[in-house]
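The values are calculated or read from the model by the stated rules, or taken from the named source; none is laboratory data. Nothing here was measured: the structure is a model prediction, and the numbers come from that model. Positions of Cβ are backbone-derived with ideal geometry, glycine not excepted, and every protein chain shown enters the neighbour counts.
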Amino acid sequence: MKASQFFVSTLKEAPADAEVTSHKLMMRAGMIKRLGAGIYSYMPMGLRVIRKVEAIIREEMNRAGAVELLMPVVQPAELWQETGRFEKMGPELMRVKDRHDRDFIIQPTSEEVVTDIARQELRSYRQLPKNFYHIQTKFRDERRPRFGVMRGREFTMKDAYSFDRDEAAAGRSYDAMYAAYGRIFDRFGLSYRAVSADTGAIGGDRSHEFQVIAETGEDAIVYCPTSDYAANIELAECLPLAAQRPAPTQPLAKTPTPGKATCADVATLLGLPLTQTVKSLVLATDDRNDGGDIVKTTVWLLLVRGDHELNEVKAGKLPGLSAGFRFATVGEIDAHFGCKPGYLGPIGLKQPVRVIADRTVAHMGDFVCGANDADFHYTGVNWGRDLPEPNLVADIRNAVEGDPSPDGKGVLAIQRGIEVGHVFYLGTKYSAAMNATYLDETGKPRLMEMGCYGIGVTRILGAAIEQRHDARGIVWPDAIAPFEVVICPIGYDRSAEVRQAADALHDELQALGLDVMLDDRGERPGAMFADWELIGIPQRVVISDRGLKEGQVELQGRQEAEAGKLALAEVVAQLRARLRD
């Protein structure tokens, strides 16, 4: 490919609305162009990366036995009403009507459509297992689209769906997809982790996220450096930090803490470690009748150690809270505690509440908590002696660095990641809702067991750049770079010798199957080099009159500090070794 035949459009400065590094560099490198909030045109340079990402995905999905099809972007609402997601997904689901006033949606994912295909086409156990996948445009009406392709409204995703006879077979399909995802991300050339994850709104039981490691990532990955344990922060299990509760050594005392409403301030005032304090969080759940009216409200007091944070995902799985909760209102707090937030605690309640203590809090003694009286806290608090045992002890906090690993093989560390892939075991969540059955060996209908598996194709671009960039621009891995090699001839428009050597090298590399770009624009060396460093081409060959007189060219990898000189006759072999080995 020659630059004059392609479209190269770089910017010296990123637009003012570009926030994160990947957004800035993709805009500057001419890979995307903003059309609307969270909606981008993928320009030729960016589209080449997308196509390479898709090619790797297709090869590995096909290798794993998945079968490609293509499902529509616009889907009838009736299918989504069968599963209840037409209402449950809320405003994130884009709803439209056709000229006949019939409801449709712009798909954010395709569980309903693929399940409809399966219930019509997969009638017998002899047709199972089956795994369908497609690479298709998705749309999610994000409240606040941001970070370029990292959180856009329109994006490209590969989603796959497996159908099996029973749970054991579904587990084998899940394992095959998990292994395929490992091969895919290995081939991308990115540093990543596969972590145990919460299944979220999509439902299901078994779940892993594939996270590209990046300091700018929104997700916290909890892992053990000395074992294979890894989970996202929502799922990472927290063991109690003491094996058992100590015996009381202090009397209960109501202690003045004027103006100190946070655990950190109270600990400083009292000269105590923050780890001796307990934080109170108040939630509420509402029971409603068939008409939607609230008939009963229950208030819950959740207790975590002062230096810990509540994990709302874990809390939302507990009995009594799993149907949905909210934070209590000021009026509800006053009615049950008789005090404003900042001084709340489990002693001296005005009305009963359900108390849930984190595992670590349940093993604490002589701790400090709010006294339900402004400007006062209790010190020397002990379970059993000063207050009843909690109604429930559960893991309800976020893991922190240094916690013991749940597998008992070390301590936990935390790093940031960007979720780019997710595999779920769904079970019969969708097949039951849509009556997707097959006939088993005895002729009886049985629900299909399902799994679903997604990769954010366009998000891969942003994640790769967040992980791999420097002050000069993008540093693409070889496998997904828009071009593998760029030939930069100095004086291409002025020197016949330079032009002849550059054209010959370009043609030879192209004939060998290398993805090569020849910059024939006649740009000055500094501007030419800056463009291709910004775009992130892995290998650069510089051809000049001076070098040719010496029988040499310059070869420099994108991450190399200096160029090396070698004979023109050797450059092809050197490039093949660098890019193919």
- Task: State all residues of the stretch 1-20 that are in contact (Cβ under 8 Å) with a residue 40 or more places away in the chain, closer than 26 Å to residue 502 by Cα and assigned to a loop (DSSP other than H, G, I, E, B); if no residue qualifies, say none.
- Result: 1, 3, 4, 6, 8, 10
- Filter the stretch 446-462 down to residues that are among the basic types (Lys, Arg) and under 15 Å from residue 210 (Cα atoms), then give me how many there are. 1
- Answer residue from the stretch 251-269, given it is part of a loop (DSSP other than H, G, I, E, B) and in contact with a helix residue (DSSP H, G or I) (Cβ under 6 Å, 6 or more places away or on another chain) and is surrounded by the fewest Cβ atoms within 10 Å (Cβ to Cβ) among those: 260
- Which of the residues that make up the stretch 21-43 are buried (at least 18 other Cβ atoms within 10 Å of the Cβ), among the aliphatic types (A, V, I, L, M) and in a strand (DSSP E or B)? 32
- Item | Criterion: under 25 Å from residue 441 (Cβ atoms), outside any loop (DSSP other than H, G, I, E, B) and of a type in the set (D, E, K, R) - qualifying residue of 126, 95 | 126
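Tell me which residues, restricted to the stretch 474-525, are assigned to a loop (DSSP other than H, G, I, E, B), of a type in the set (A, V, I, L, M, F, W, C) and either at positive phi or in contact with a Cys (Cβ under 9 Å, 6 or more places away or on another chain) (or both).
From the stretch 474-525, those assigned to a loop (DSSP other than H, G, I, E, B) are 475-477, 481-484, 490-495, 512-515, 519-524; that's our starting set.
After this cut, where a residue has to be of a type in the set (A, V, I, L, M, F, W, C) as well, the list is 475-476, 481, 483, 490, 512, 514.
If the condition is that a residue be assigned to a loop (DSSP other than H, G, I, E, B), of a type in the set (A, V, I, L, M, F, W, C) and either at positive phi or in contact with a Cys (Cβ under 9 Å, 6 or more places away or on another chain) (or both), then no residue fits.
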- Residue match in the stretch 440-454 (condition: of a type in the set (A, V, I, L, M), touching a residue at least 60 places away in the same chain (Cβ under 8 Å) and assigned by TED's automatic domain parsing to the domain that holds residue 182): yes
- Task: Kindly indicate whether residue 260 is of a type in the set (Lys, Arg) and over 28 Å from residue 375 (Cα atoms).
- Result: no
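Here's the yes/no breakdown for (1) at pLDDT 95 or above; (2) of a type in the set (A, V, I, L, M, F, W, C); (3) crowded, with 18+ Cβ neighbours inside 10 Å; (4) outside the structural domain of residue 572 (by TED's automatic domain parsing):
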position: 508; (1), (2), (3), (4): yes, no, no, no
position: 513; (1), (2), (3), (4): no, no, no, no
position: 516; (1), (2), (3), (4): yes, yes, yes, no
position: 528; (1), (2), (3), (4): yes, yes, yes, no
position: 533; (1), (2), (3), (4): yes, no, yes, no
position: 536; (1), (2), (3), (4): yes, no, yes, no
- Task: Evaluate the stretch 426-435: report whether one residue or more is assigned to a strand (DSSP E or B), crowded, with 19+ Cβ neighbours inside 10 Å, aromatic (Phe, Trp, Tyr) and at pLDDT 95 or above.
- Result: no
- Query: surrounded by 17 or more Cβ atoms within 10 Å (Cβ to Cβ), under 20 Å from the mean Cα position of the chain (by Cα) and closer than 30 Å to residue 444 by Cα - does that describe any residue in the stretch 104-113?
  - Reply: yes
- State yes or no: is residue 115 of a type in the set (Ser, Thr, Tyr), at pLDDT 95 or above and either part of a strand (DSSP E or B) or in contact with an Asp or Glu (Cβ under 8 Å, 6 or more places away or on another chain) (or both)? no
- Task: Answer yes or no: is there a residue in the stretch 129-148 that is assigned by TED's automatic domain parsing to the domain that holds residue 454, in a helix (DSSP H, G or I), closer than 24 Å to residue 24 by Cβ and within 24 Å of the chain's Cα centre (by Cα).
- Result: yes
- Among residues belonging to the stretch 270-315 that are farther than 22 Å from residue 390 by Cβ, assigned to a loop (DSSP other than H, G, I, E, B) and of a type in the set (Asp, Glu), point out the one that is modelled with the highest pLDDT. 293
- Any pair with Cβ under 8 angstrom, 6 or more apart, that starts in the stretch 105-127 at a residue that is free of Cβ contacts under 8 Å to residues at least 40 places away in the same chain and over 14 Å from residue 451 (Cβ atoms) and ends at one that is surrounded by fewer than 18 Cβ atoms within 10 Å (Cβ to Cβ) and of a type in the set (Val, Ile, Thr): 105/74; 105/96; 106/73; 106/74; 106/96; 107/73; 107/74
- Answer yes or no as to whether residue 163 is touching a residue at least 60 places away in the same chain (Cβ under 8 Å) and either farther than 17 Å from residue 419 by Cβ or charged (D, E, K, R) (or both). yes
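Give me a count of the residues in the stretch 171-199 that are in a loop (DSSP other than H, G, I, E, B) and among the hydroxyl-bearing types (Ser, Thr, Tyr).
Going through the stretch 171-199 one residue at a time, the tally reaches 2.
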- Message: Here are the criteria: (1) at pLDDT 95 or above; (2) surrounded by fewer than 22 Cβ atoms within 10 Å (Cβ to Cβ). Tell me which single one residue 481 does not satisfy.
- Response: (2)
- Could you grab me the full set of residues in the stretch 354-371 that are assigned to a loop (DSSP other than H, G, I, E, B) and surrounded by 21 or more Cβ atoms within 10 Å (Cβ to Cβ)? 364, 371
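What do you reckon, is residue 542 β-branched (Val, Ile, Thr) and part of a helix (DSSP H, G or I)? Quick ask: steps written out before the conclusion?
Working: β-branched (Val, Ile, Thr): yes; part of a helix (DSSP H, G or I): no.
Here the answer is no, as residue 542 does not meet what is asked.
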- Item | Residue in the stretch 75-92 that is surrounded by the most Cβ atoms within 10 Å (Cβ to Cβ), counting only those that are touching a residue at least 60 places away in the same chain (Cβ under 8 Å) and outside any helix (DSSP H, G or I) | 89
